[in-house]
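What follows is a single structure, written as structure tokens, with notes after it.
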Amino acid sequence: MSFVEPITLTDRGVRLEPLALSHEQGLAAAAADGELWKLRITSVPEPENTRRYIEDALRMRADGNRFAFAVVDDATGEVLGSTSYHDIVPAVRRVEIGYTWYRKSVQRSHVNTTCKLLMMGHAFDTLNCHVVGWRTDNFNFASQQAIERLGAKKDGVLRGHALRRDGTIRDTVMYSMRAGEWPEAKAQLLYRLERRTLTE
């Protein structure tokens, strides 16, 4: 039995469902909203590579080290993007959250906060993880700020760690949150979502 079993998570009009080949067209449309594959610091697939992107995610799921979700508008069924648990280590009850991207039209909305609340809640409250981690490009300052707003702690920087899509070598900024830090982080996420609802 795999550590992360297939599950669908839903809240505030956002649905996370296991990524499947049936999401290919919707995922390609989401990436086209803002031509996100042109950003060198992301892993968003080019339209012609969307199927391979999904197949790679499914292969990693079969190997037990990544579980990818499609992010879907629960009312319309429109695919908004994708996010994943990855670098899954059952022995120490650790997962990382990443491979995350959203169509441009829903960026800076409640979608990312809702997805993180769902995934962190499932990791800590259902999978009983001890640690949830994040990693991001050292030049992806928006991602670093977003991770820090979750309440995650910066662990350090891995220098010369990975290749970017353009072939350059990146430094990777690592973050984590321990189970004991989750209750306060959860309260802060819920506060932000409630505050956004009141102002909309």
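What follows is calculated from the coordinates using simple rules that are stated; it is not laboratory data. Just so you know, these numbers come straight off a predicted model, no measurement behind them. Backbone-built Cβ (ideal geometry, glycine too); neighbour counts: all protein chains shown.
Expressed to the nearest 5 percent, the antiparallel share of DSSP beta bridges inside the chain is 90 percent. Over the chain, what is the relative contact order in percent, taking alpha-carbon pairs closer than 8 angstrom and at least six residues apart? Relative contact order, the chain: 18 percent. Here is how the number arises for the chain: DSSP H runs of 4 or more residues each give -39500 (n - 2.57), the sum is divided by the residue count, and the result at 222 nm is -9500 deg cm²/dmol. Taking 0.36 nm per residue of separation and subtracting the current Cα-Cα distance, fully stretching the chain between Glu5 and Arg195 would add 65.1 nm. Placing unit charges on the Cβ atoms only, positive for Lys and Arg and negative for Asp and Glu, gives the chain a dipole magnitude near 560 debye about its Cα centre. Peptide packing: for 179-188, 108-117, the average count of neighbouring Cβ atoms within 10 Å per residue gives the ranking 108-117, 179-188, highest mean first.
When the alpha-carbon atoms of the chain are used, the pair Rg, Dmax equals 16.0, 44 angstrom.
Computed over neighbours whose Cβ is under 11 Å from that of Lys104, the net charge equals 0, Lys and Arg +1, Asp and Glu -1.
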